[in-house]
1. Between Val69 and residues 5 or more places away or on another chain, which pairs have amide H atoms under 5 Å apart, with H built 1.01 Å from N, and which residues are they?
2. I'd like the Karplus ³J(HN,Hα) series for segment 52-69: coefficients 6.51, -1.76, 1.60, θ = phi - 60°, whole numbers in Hz, and an x wherever there's a Gly or Pro.
3. On the protein heavy atoms, probe 1.4 angstrom, tell me the percent of accessible surface of the chain carried by carbon and sulfur.
4. Note the angle between two axes, namely the Cα long axis of helix 142-151 and the longest principal axis of the Cα atoms of the chain, as a number of degrees from 0 to 90, rounded to the nearest 10.
5. With a probe of 1.4 Å, find how much accessible area the chain has per residue, and write the answer as a whole number in Å².
6. About the Cα centre of segment 133-198, what is the dipole size in debye to 20, counting +1 per Lys and Arg Cβ and -1 per Asp and Glu Cβ, all else neutral?
7. What is the spin-label model distance, in nm, from Val157 to Asn73 if the labels are put 7 Å beyond Cα along the C-beta direction?
8. Can you tell me the length gained on complete extension of the stretch Ser32 to Ile49, counting 0.36 nm per residue apart and subtracting the Cα distance?
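The values are calculated or read from the model by the stated rules, or taken from the named source; none is laboratory data. Model, not experiment: these values are computed from the prediction. Every residue, glycine as well, gets a Cβ built from its backbone with ideal geometry; the counts of neighbours run over all protein chains shown. The accessibility values were calculated without ligands, DNA or RNA, using every heavy atom of the protein model including side chains. Shrake-Rupley method; radii C 1.70, N 1.55, O 1.52, S 1.80 Å.
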Amino acid sequence: MATSQNAGKQAAARAALEYVTPGKVLGVGTGSTVNFLVDELATRRIPIIGAVSSSNESTQRLEAAGIPVLDLNDVGEIETYIDGADETNPRRQLIKGGGAALTREKIIAAVARRFVCIADDSKLVGVLGAFPLPVEVIPMARAYVARQLVRLGGRPVWREKVVTDNGNHILDVHDLRITDPVALEAAINQIVGVVTSGLFAARPADLVILGGPTGIRTF
Ligand code: 5RP
């Protein structure tokens with residue numbers, strides 16, 4: 001990973017602290033950008049009630065930082081959810097799931113009042129799809145779902161050896177040029193055996209913070 005990309009991730013994570021509200025519950029995503037956020041939270045000690053975590057990996061990191069991790073079923077409201085992305089377009093529609101945490105990430109995004117996406121500026125694209133779209137599938141349906149994804153114009157590749165925190169498999173769908181993300185998200189959701197797709201289009205981010213060599217860009 002290039003150092004400048006890491007600097008961009010860290011800068012975006014720092015800028016996102018402005019959206020962490022004391023006395024509220026924070027949703028926390030997964031990945032290297034979010035790891036910078038957790039490090040910042042540990043240092044600044046903003047008095048949040050606790051965090052709802054999107055993965056076992058983030059739970060471990062949060063707990064090591066002394067931040068209480070809450071069960072979503074015990075939480076009425078998530079004020080803000082902060083997470084990274086593999087790609088964003090200018091409309092704040094995202095591809096996520098490079099870290100295989102897409103299902104829990106999408107659940108938290110659905111619950112949260114505000115979804116703040118943090119990334120280095122290499123993640124900004126005009127059209128989503130250069131990054132292979134992750135799709136979480138029930139293991140017994142993997143081959144069937146793959147055939148249906150081919151019918152939608154993609155080239156699914158099984159991410160072998162990866163089992164999600166929910167016990168499922170991941171298909172990474174290559175060769176997509178996603179000009180209508182909302183329609184594709186709906187079409188993939190219709191395939192029996194799909195748990196979630198990594199397209200966050202029907203519920204995009206409310207705010208994207210990109211860090212890069214020229215500073216922070218927010219849209
Ligand atoms: C995990 C994700 C991550 O947010 C995405 O992969 C970006 O990761 P990173 O911050 O390491 O670039 O969706 O499932």
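1. Ala51
2. 9, 9, 9, 6, 4, 4, 5, 4, 4, 5, 5, 5, 5, 7, x, 9, x, 9
3. For the chain, the apolar C and S fraction of the accessible surface comes to 52 percent.
4. 80
5. I get 45 Å² per residue for this part.
6. 240
7. 3.8
8. 3.8 nm
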